[in-house]
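Undergrad: There's a structure below that I have some questions on.
The values are calculated or read from the model by the stated rules, or taken from the named source; none is laboratory data. These numbers were taken from a predicted model, which means no experiment stands behind them. Positions of Cβ are backbone-derived with ideal geometry, glycine not excepted, and every protein chain shown enters the neighbour counts.
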Amino acid sequence: MKRRNILRVLGGALIITFASSCAGTPKPAPQAPAEQPAVTPAPAAPAPQIEQKAPEPPKDLSKMEPDQATTDALASAQARAEKSRKQAFDVQSPTFFPDDWQAAENQYLGARDKAKDKNMAAYQGATKLYLSAADAYDAVAKKALPLFADARQNELDQARALAVAAGAEKLVPDRLAVADADVAKAHQQYQTGDYYGAADTAATARSRYLALKTGLDAHAVKTTIDQRGFASYDPSNYTLASNKLDQAMAFYDQGNVPGARDAGDESLLRFNLALNKGKEMNASSLGKAAVNEKNAATELKANVAVKDGYDNASNVLSQADAAYKAEKYDDAANLYTQAEQLFASVRATAADKRQRALDAMNKADKQMAESEQTAKNANAILEGGSR
């Protein structure tokens with residue numbers, strides 16, 4: 001059996017050798033069979049050489065339409081870049097690291113421009129640029145995130161300080177506690193990596209603090225109006241402002257923080273209008289009182305009898321008028337009050353001088369009358385003695 005296999009190999013080798021020989025070689029003359037020596041196995045013939053085709057020239061991808069796989073890869077890379085870009089922008093990367101942001105932007109914009117050419121080469125190049133841009137955006141966002149978080153914390157601290165300064169701890173401690181709870185929740189979300197959730201919750205907390213601050217400011221203006229008795233000067237705005245203040249607090253307790261801030265803003269605005277109207281009317285009233293006092297002083301010739309004092313009071317009255325025209329009504333009110341007092345003083349002085357002059361004249365007249373009577377008595381005596 002073994003020998004049969006060897007022969008098959010040998011025979012196959014011979015056939016191959018024969019087939020590869022030249023076709024026109026003459027056949028040798030037949031020879032008489034000779035005694036065959038013992039056959040020894042011949043070495044195996046080498047494997048046939050397979051003829052290889054020449055490699056095809058490389059394809060020009062810039063002249064090929066993008067296939068579906070390339071198109072999908074580009075869309076995926078673009079989506080990732082845009083998501084990373086938004087995240088980097090949301091944590092204010094352009095503000096904190098403008099150079100890093102611009103470097104990422106250059107790659108992103110380069111990818112977008114390259115993708116305008118609809119061919120395989122352009123799409124593949126744009127895909128690489130989008131992925132590189134996404135990595136760059138992620139890197140700058142990671143650097144900016146701690147700074148962004150610190151900035152938001154500072155905003156929260158400042159907003160809370162404003163609410164406390166307006167009296168939140170004393171006047172509305174329960175509502176202040178609600179805002180503080182939102183801050184604690186935002187910190188927890190940040191620690192667990194829920195950065196967008198943390199940002200939203202922190203924004204709500206800040207809005208709560210500011211809503212409290214505005215509402216308390218409105219309440220303070222209302223208190224001033226009540227204490228100064230100005231509500232009657234502008235009852236329409238005063239009433240509407242009071243209603244809006246109640247509405248603001250109701251919205252706050254319901255969790256409608258934007259509504260609370262809007263209502264609080266309007267309440268503060270209208271209370272300030274009512275207060276300003278009260279200040280204007282109050283100053284106007286005091287101005288009229290000062291003018292009346294001036295006229296009374298003038299009638300007593302105070303401008304002559306007490307010229308220096310009268311001129312000083314007139315100067316203060318002029319200052320009051322200027323403040324009133326400049327809508328500095330509290331300043332005008334104070335100056336009008338001062339002018340009224342000065343005119344009252346000079347009027348009293350003028351009245352006193354006038355009275356003393358009248359008294360002197362009366363005394364002189366009396367003395368003259370007494371002198372005349374004395375003269376008459378003297379004449380009577382003299383006339384009587386001459387008789």
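Undergrad: For residues that are surrounded by fewer than 20 Cβ atoms within 10 Å (Cβ to Cβ) and among the aliphatic types (A, V, I, L, M), scanning just the stretch 184-214, find the one that is nearest to Val257 (Cα to Cα).
TA: Applying the filter and picking the extreme gives Ala203.
Undergrad: I'm checking my understanding of the structure. Among residues of the stretch 125-137 that are within 30 Å of Gln188 (Cβ to Cβ) and in contact with a helix residue (DSSP H, G or I) (Cβ under 6 Å, 6 or more places away or on another chain), which one is surrounded by the fewest Cβ atoms within 10 Å (Cβ to Cβ)?
TA: Step by step, filter the stretch 125-137, then rank; the result is Ala134.
Undergrad: If you check Gln78 against the conditions, is it under 30 Å from Asp150 (Cα atoms), outside the structural domain of Tyr196 (by TED's automatic domain parsing), touching a helix residue (DSSP H, G or I) at 6+ places or on another chain (Cβ under 8 Å) and free of Cβ contacts under 8 Å to residues at least 60 places away in the same chain?
TA: When the stated conditions are applied, Gln78 does not pass them.
Undergrad: Taking Arg112, is it in the same structural domain as Asp138 (by TED's automatic domain parsing) and within 30 Å of Ala203 (Cα to Cα)?
TA: no
Undergrad: Still on this structure: Any residue at all in the stretch 230-244 that is in a helix (DSSP H, G or I) and closer than 28 Å to Asp157 by Cα?
TA: Looking for residues that are in a helix (DSSP H, G or I) and closer than 28 Å to Asp157 by Cα, one finds at least one in the stretch 230-244, hence yes.
Undergrad: Take the conditions in contact with a Ser or Thr (Cβ under 8 Å, 6 or more places away or on another chain), in contact (Cβ under 8 Å) with a residue 12 or more places away in the chain, surrounded by 17 or more Cβ atoms within 10 Å (Cβ to Cβ) and within 30 Å of Asp67 (Cα to Cα) and apply them to Ala122. Does it pass?
TA: Criteria met by Ala122.
Undergrad: If the requirement is being over 30 Å from Gln254 (Cα atoms) and surrounded by 15 or more Cβ atoms within 10 Å (Cβ to Cβ), which of these qualifies: Val172, Val140?
TA: After applying the criteria, what remains is Val140.
Undergrad: Can you find even one residue in the stretch 148-155 that is closer than 11 Å to Tyr209 by Cα and either in the same structural domain as Pro94 (by TED's automatic domain parsing) or surrounded by fewer than 21 Cβ atoms within 10 Å (Cβ to Cβ) (or both)?
TA: Looking through the stretch 148-155, at least one residue is closer than 11 Å to Tyr209 by Cα and either in the same structural domain as Pro94 (by TED's automatic domain parsing) or surrounded by fewer than 21 Cβ atoms within 10 Å (Cβ to Cβ) (or both).
Undergrad: For a quick check of your reading: which helices (runs of 4 or more DSSP H) sit entirely within the stretch 1-118 and have at least 1 residues that are surrounded by 14 or more Cβ atoms within 10 Å (Cβ to Cβ), at pLDDT below 55 and not charged (D, E, K, R)?
TA: Counting at least 1 such residues, we get 2-19.
Undergrad: Any idea how many residues of the stretch 266-276 are surrounded by 19 or more Cβ atoms within 10 Å (Cβ to Cβ) and under 18 Å from Leu335 (Cα atoms)?
TA: Total meeting the criteria: 0.
Undergrad: Continuing with the same structure: Of all residues in the stretch 252-282, how many are over 22 Å from the mean Cα position of the chain (by Cα) and without any contact (Cβ under 8 Å) to a residue 24 or more places away in the chain?
TA: 1
Undergrad: Right, another one. Confirm whether Thr201 is in a helix (DSSP H, G or I) and out of contact with any helix residue (DSSP H, G or I) (no Cβ under 8 Å at 6 or more places or on another chain).
TA: Spelling it out, it is not the case that Thr201 is in a helix (DSSP H, G or I) and out of contact with any helix residue (DSSP H, G or I) (no Cβ under 8 Å at 6 or more places or on another chain).
Undergrad: Which of the helices (runs of 4 or more DSSP H) contained wholly in the stretch 283-387 include at least 3 residues that are touching a residue at least 12 places away in the same chain (Cβ under 8 Å), crowded, with 16+ Cβ neighbours inside 10 Å and more than 60 Å from the chain's Cα centre (by Cα)?
TA: 329-386
Undergrad: Separate question: So, in the stretch 202-230, how many residues would count as being of a type outside the set (Gly, Ala, Ser) and within 30 Å of Gln191 (Cα to Cα)?
TA: Total satisfying the criteria: 7.
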